[in-house]
Amino acid sequence: MNFRRPIRRTLLVALALSSCVPALGDTVPEEDVKLALIYKIARFVTWPVVTDQSGTPFRLCLAETTIFDLAKDRFAGRHIRNRNIEVHLLTESRVDLSERCDVFYIARVKKERVAEFLEIASGEPVLTVSDAPDFARNGGMIGLSTRGKSLTISINVAAYESSGLVVSSQLLELAELVNDSRKVQK
């Protein structure tokens, strides 16, 4: 077993996120850290040419979350791939991706709702991100979880590949990979 890999991964995460993500501490709300991380992660993802057109807004969709106003504030005036970020709230009565979401953030909700949201996004070029327990292991693309004061990233390789998205190898190096047929599972 290579004991340097976890240390290397920790250092890479710290370096990659230090310019955008506030330090995890008692004074920084967890929601701020997660929003900053979503922004940073999206910069390491490539969407199919059809959906990634300059001049069209980059849409971050939030499902059943209380951080809508915070997200609108944090992403005001920001861009991803030369596209203005727009934040949309998908309510329970209007959970469809007809708005063409680029990122679909699913905050902690009941497990049944997570499955429903993943079914809606299935096969679409939409990056699904959540802090729901075992999100990546249960079919989501990127799971965020906290361990103490650390935020960890899990990436479901099969899920993002089936949607036509490409995730940078730099981001893959920083994450725990699940459903990765390219190599032996960790």
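Each reported figure results from applying straightforward, stated rules to the coordinates on display, with no laboratory input. It should be emphasised that the depicted structure is a prediction, and the values quoted were computed from it without experimental measurement. Backbone-built Cβ (ideal geometry, glycine too); neighbour counts: all protein chains shown.
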Label N82 and D180 with points 7 Å out from Cα along Cα→Cβ: what is the distance between them in nm?
-> 3.2 nm
Running Debye on the stretch 136-186 with equal point scatterers at the Cα sites and no solvent, what base-10 log of I(q)/I(0) appears at q = 0.13, 0.23, 0.30 Å⁻¹?
-> -0.28, -0.85, -1.27
R113 and A158 label points (each 7 Å along its Cα→Cβ direction) are spaced in nm at 2.7 nm
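In nm, what is the difference between 0.36 nm times the number of residues separating D69 and T91 and their Cα-Cα distance?
Numbers: separation 22, 0.36 × 22 = 7.92 nm, distance 1.41 nm.
Between D69 and T91, full extension yields 6.5 nm more.
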